[in-house]
Amino acid sequence: MKTSSFKPSYLASTLLLATTLGMASQSAMATELNIWIMSTTTQQQQDMKELLRPYLAKNPNLRVNVTVLNWESAWSKITAAAASGQGPDLLELGTTWVAAISSMGALEPLSAQQQNEVGGAKAFFPAVWGSTHRYDDTKIYALPWYADARAAFYRTDVFKKAGINPKDAFTNWGSFKQAMQKINGQMVDGKKIAALGYPGKNDWNVVHNLAPWIWNAGGDLLTADKKHSAINSPEALQAITYYTSFAAEGLVPSSALEKDSSQIESGFFNGQYAVIFTGSWILRQLNTPKAKGGQMDSVAAHNFGVESYPAGLKGNQTFFSGSDLAIMKSSKNKDEAWKLLSFMTSREAEVNYSKMSGMLPARQDAANDPTLMADPHYAEFIAQVKNGRHYPSVAGWGPLESVYLKNIGNMFDIVAGVKGKYTPQAIKQALDVTANEANDVLDESR
């Protein structure tokens, strides 16, 4: 079940690995903690070793066994552990997973004192703090570790050549469409560049890609009472029709609809698209030399800027999620697990992990750390994503997102002209089917 909030392309190939970190005492007095982590870097084991090194140096009698899961199988492994009580002491959960796992009674609630020790709700971005508990439960079951937010990345040289001020272009939906129409097909380095690149049904981010447009039209993924799907509301239909119109009008190449997010990002790097909407992790790629697998030597790396989503009638919010850390109720070492959890969500640790992974710190003081803000593009990104929003924190979000992912993905067959003629009515019919299936899932989860 693919319900995680963040899945860069290399995660799917990560193998289940385990290693022992720390200068552990061989005596019987040593405490052993098991932690499950998903891979957000290309060398997760080594990076975890470096991240935990200062903590383990101060706790020589602590042994930490780190198991790296891939996102594709993590959901089934974690739910199995939750059901059996045979899981780790500490585990990473995608922000959309916390409500479901806590509803299974598998997570240890964090006391008010513990929350205060790490700064409480005010220390973290509000959007990700909302993921630490169910919307109908005031108990906190996790702490935010890192954040995933989205913004527009655009080619400054292409906009300049077209005589377009980016600030004007990203003002609202109307100005954005006009800018894309003007840019589309411009010759750059001897080849035509497409105005916009976004993936279609072969991408795991389909729901994430649509959410900001729906929110900015005044819609949502669920009704206000969290009991029914709102994917076919007039506001959602307006947003999705607007979004898909870029592909229908040729402003997004038909070939892009066959790609995933990673391939769209590569297309931005090599000059296929003037604008894409994606996360902070590509900043790290744009700052990394080609010899180390990065894109620092590309034309895009020297000619890009960051802007917010163009505003709809109800604002310009962005998708804001990430991963949390939680203690399992079955842990026999809850005190030690808490100490490790508080270290991993400290300002220092979150800054260091951001540098390793390219993800945003979930702590606001860490996100605004001078060493990170020294990168002007990172500072631009932070300025654009503070108005972030997360999905409703409901227990049934996992299976619900799978329904959305499947059906909205299939909707792109209509957009691509593979399945019938593209019309607003055809899109509405597809969304009605999606909402009916989603409501069945929501009924089962209550």
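Derivation of every value follows stated rules applied to the coordinates shown; laboratory data play no part. What you see is a predicted model; the values in this text were computed from it and never measured. No Cβ is skipped: glycine too gets one built from the backbone with ideal geometry, and neighbour counts run over all protein chains shown.
Axis angle, to the nearest 10 degrees, between helix 347-357 and the longest C-alpha principal axis of the chain: 50 degrees.
Residue pairs exceeding 22 angstrom between C-alpha atoms, taken from 201/292; 201/421; 122/167: 201/292; 122/167. Taking only alpha carbon atoms, region 200-333 gives an Rg to Rh ratio of 1.05, where Rh is the Kirkwood radius. Taking region 162-193 and a reference point 7 angstrom along Cα→Cβ of residue 303, the backbone N atoms nearer than 18 Å belong to 162-167, 180-193.
Once the Cα-Cα distance is subtracted from the 0.36 nm per residue extended length, the residue 368 to residue 228 segment shows a gain of 46.6 nm.
Dividing the summed -39500 (n - 2.57) terms of all DSSP H runs of n ≥ 4 by the residue count of the chain sets its mean residue ellipticity at 222 nm at -12500 deg cm²/dmol. The residue 187 and residue 290 beta-carbon pair, evaluated with R₀ = 25 Å, returns a calculated FRET efficiency of approximately 0.50.
Going by alpha carbons, how many degrees (0 to 90, nearest 10) lie between the helix axis of 173-183 and the longest principal axis of the chain? Tilt of helix 173-183: around 70 degrees. Set against the 2.2 N^0.38 Å expectation for a compact globular protein, region 228-307 has a Cα radius of gyration ratio of 1.35. Only Cα sites of region 374-446 enter the Debye sum here, all with the same form factor; the resulting log10 I(q)/I(0) across q = 0.16, 0.22, 0.26 1/Å is -0.74, -0.90, -1.06, listed in q order.
A dipole drawn for the chain from +1 and -1 charges on Cβ atoms has a positive end, and of 253, 67, 42 the residue lying farthest that way is 253.
Between the Cα long axis of helix 334-344 and the first principal axis of the chain there is an angle of about 40°, rounded to the nearest 10.
Counted residue by residue at 0.36 nm each, then reduced by the alpha carbon distance between them, the extension gain from residue 116 to residue 50 reaches 21.1 nm. Between (1) 281; (2) 134; (3) 166, which matches volume of the Cα convex hull per residue in Å³ calculated for the structure shown? Matching entry in (1) 281; (2) 134; (3) 166: (2). Dimensions of region 273-397 from C-alpha coordinates, computed as largest minus smallest value along each principal axis and given longest first, are 53, 43, 26 Å. Net length available on complete extension from residue 419 to residue 334 is 25.3 nm, with 0.36 nm assigned per residue and the Cα-Cα distance removed. In terms of its Cα atoms, region 21-152 spans 45, 39, 35 Å along the principal axes, sorted from long to short. Assuming charge only on the beta carbon of Lys and Arg (+1) and of Asp and Glu (-1), the dipole of region 78-211 about its Cα centre is about 1020 debye to the nearest 20. The charge dipole of the chain, taken about its Cα centre with unit charges on the Cβ of Lys, Arg, Asp and Glu (plus for the first two, minus for the last two), comes to roughly 560 debye.
Remark: region 224-380 carries a charge dipole of roughly 500 debye about the Cα centre, counting +1 on each Lys and Arg Cβ and -1 on each Asp and Glu Cβ.
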